[in-house]
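The values are calculated or read from the model by the stated rules, or taken from the named source; none is laboratory data. Computed from a predicted structure; not experimentally measured. Here the Cβ positions follow ideal geometry from the backbone for every residue, glycine too, while neighbour counts run over all protein chains shown. Accessible surface is based on the protein model in full, side chains and every heavy atom, while ligands, DNA and RNA are left aside. Shrake-Rupley method; radii C 1.70, N 1.55, O 1.52, S 1.80 Å.
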Amino acid sequence: MKMIEQKGMYQKFPRSGKDTRVTHYCAGCGHGIVNKLIAECCAEMGLQDRTVFVDPVGCGVFTYYYWDAAHISAAHGRASAAATGVCRARPDAVTIAYQGDGDLGAIGFNNAFQAASRGEKFGCIFINNSLYGMTGGQMAPTTLEGEKTTTTPFGRDPALTGHPLHVCEVFNQLQAPVYIARVSVADTKRIMQCKQAIRRMFEIQQAHKGYALLEILAPCPTNFRLDPLKAAEFCKNEMEAEFPLGVFRDATESTGHEPRTTNHEPRTTTLAVNPVPQVASCAELFAEKEAVPPAENDPSVHERRFKFAGYGGQGILSLGLTVAEAARFERRHTLWFPSYGPEQRGGSASCSVVVSGTPIGSPTVEHPDVLVCMNQPSYERFVDDVKRGGTVIVDATVPITRQPPEGVKLVQWPALKMAEDFGVPKAANTMMLAALKKLGCTGLSGENLEKALVASFAKKPALGVKNLELLREAESRL
Ligand SMILES: Cc1ncc(C[n+]2csc(CCOP(=O)(O)OP(=O)(O)O)c2C)c(N)n1
């Protein structure tokens, strides 16, 4: 198959650690669209060798995988500060900061605002998707009134969390910026307009005319909990009502800086949709957990440390949580500590679990007694760390490129295949739990492991019953 060449982007993304041209963005994500437009503009204008992108922390963190130009990764909220350094140190460069609404509007607001106020010579592309995408959909300063996010489960209430922040309008009070505009990528017409605005921003930077801010309204289907089409509609209907599109200022042709403001009437409508299904309250969340008396101190029970690792979506975090929950049922001290990459889909995920008869000092696990690996990268990464006398359970699809350290038992277990054969591919983590139970390497009773498995499906009891059946069936095959 012939690959279509994407202007301005690498043809493969080896920096992602995979031999792929697939980006980490979710389907329908505004970042993906904007990434393509930026790469195209940069290449079409012949600026790749002069451009330095300053990448944020947020869903845009991996733009250096994709755009074939120079990159600097800034700490969260610091892209405008880093871009200031770049454009001052290299006045010949075209400097572009890329920031999300948490990155620019919250933690990084002051340095973005001050850079704009000083009129630093860089362009700032500001992706407004109305929430913190990468970390799971928390409220951002730009969250709409009434919008449900994971931290505003009843909808954003201005009395508690203030009103949405209009970044373009605020920056438009400053003297120095030469260009301020807001566009959207919610449909084809808007995408074309967005490309023109990005081009304009590059032109301004190419001619070193001054500071430019381009806000782009972008859908986030995963955290809106909407399919891509509905997410785009939300962006168009609800977000635009709050954040009207337009060029606020284009002072590059004149010498003065008279702001050209759009006519922004305050938004009076309330949100028609409540896209995020939510729990009613924290109290309700905890009530769902079975009340168990606190952990008992029993120094005869030695600490066991576990590491569970695989791709996001393989249920590796839930597997660790199930073991921790079984420990809680057994009245052991326990900690569960997740660690995952920035990708909402398909990135690497791991978690550490500690189970002990005495209070636990640290939740981090550097040398596990038990390592469970669902994929090759996690096997390669963690296998050398397993303690002598420990156990590694690895999915049978993973090639064993090197043996575990001496004195460590290796168990290859066809969890993925077995789950597929059972017709429930998502139950591969349950297959791993079966191996842990059968091998007795958790030190916990089978009864509590089963109880914890069922409890993990509290909201879908039928699935709990099914998984228990599968667990027992898998165990009988080991
Ligand atoms: C100093 C610091 N604080 C907090 C975080 C956690 N964090 C990572 S990304 C992020 C917010 C991302 O939201 P946004 O900037 O809107 O970008 P999006 O993912 O929506 O594109 C936060 C709070 C961090 N990485 N560093």
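For the range 334-345, does any single residue satisfy the condition of being under 30 Å from Gly58 (Cα atoms) and open to solvent by less than 40 Å² (accessible area, probe 1.4 Å)? Before the answer, list the steps.
Taking the range 334-345 and keeping what is under 30 Å from Gly58 (Cα atoms), we get 335-345.
Subsequent filtering for residues that are open to solvent by less than 40 Å² (accessible area, probe 1.4 Å) retains 341-342.
Checked against the condition, which is being under 30 Å from Gly58 (Cα atoms) and open to solvent by less than 40 Å² (accessible area, probe 1.4 Å), the range 334-345 yields at least one hit.
Within the range 110-140, track down each residue that is more than 15 Å from the ligand (Cβ to nearest atom) and out of contact with any strand residue (DSSP E or B) (no Cβ under 9 Å at 6 or more places or on another chain). Quick ask: steps written out before the conclusion?
In the first step, residues of the range 110-140 are kept if they are more than 15 Å from the ligand (Cβ to nearest atom); the result is 113-123.
Result: Phe113, Gln114, Ser117, Arg118, Gly119.
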### Task
Go through the range 378-397 residue by residue and tally those that are outside any loop (DSSP other than H, G, I, E, B) and open to solvent by 70 Å² or more (accessible area, probe 1.4 Å).
2
### Message
Any residue at all in the range 92-101 that's open to solvent by 20 Å² or more (accessible area, probe 1.4 Å), touching a strand residue (DSSP E or B) at 6+ places or on another chain (Cβ under 6 Å) and away from the ligand (no atom under 14 Å from the Cβ)?
### Response
no
### Message
So, in the range 436-469, how many residues would count as being over 22 Å from Thr391 (Cβ atoms) and not in a loop (DSSP other than H, G, I, E, B)?
### Response
12
### Query
Taking interchain pairs and intrachain pairs at least six residues apart, which have beta carbon atoms under 9 angstrom, with the first residue in the range 398-418 and outside any loop (DSSP other than H, G, I, E, B) and the second of a type in the set (Asp, Glu)?
Gln412/Asp395; Trp413/Asp395; Ala415/Asp395; Leu416/Asp395; Lys417/Asp395; Met418/Glu473
### Summary
Checked the range 46-80 for anything open to solvent by 30 Å² or more (accessible area, probe 1.4 Å) and either of a type outside the set (A, V, I, L, M) or in contact (Cβ under 8 Å) with a residue 60 or more places away in the chain (or both); matches are Gly46, Gln48, Asp49, Arg50, Val57, Tyr64, Asp68, His71, Ser73, His76, Arg78
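Which of the residues belonging to the range 22-76 are in a strand (DSSP E or B) and either more than 14 Å from the ligand (Cβ to nearest atom) or not assigned by TED's automatic domain parsing to the domain that holds Ile198 (or both)?
Of everything in the range 22-76, those that are in a strand (DSSP E or B) and either more than 14 Å from the ligand (Cβ to nearest atom) or not assigned by TED's automatic domain parsing to the domain that holds Ile198 (or both) turn out to be Thr51, Val52, Phe53, Trp67, Ala70, His71, Ile72.
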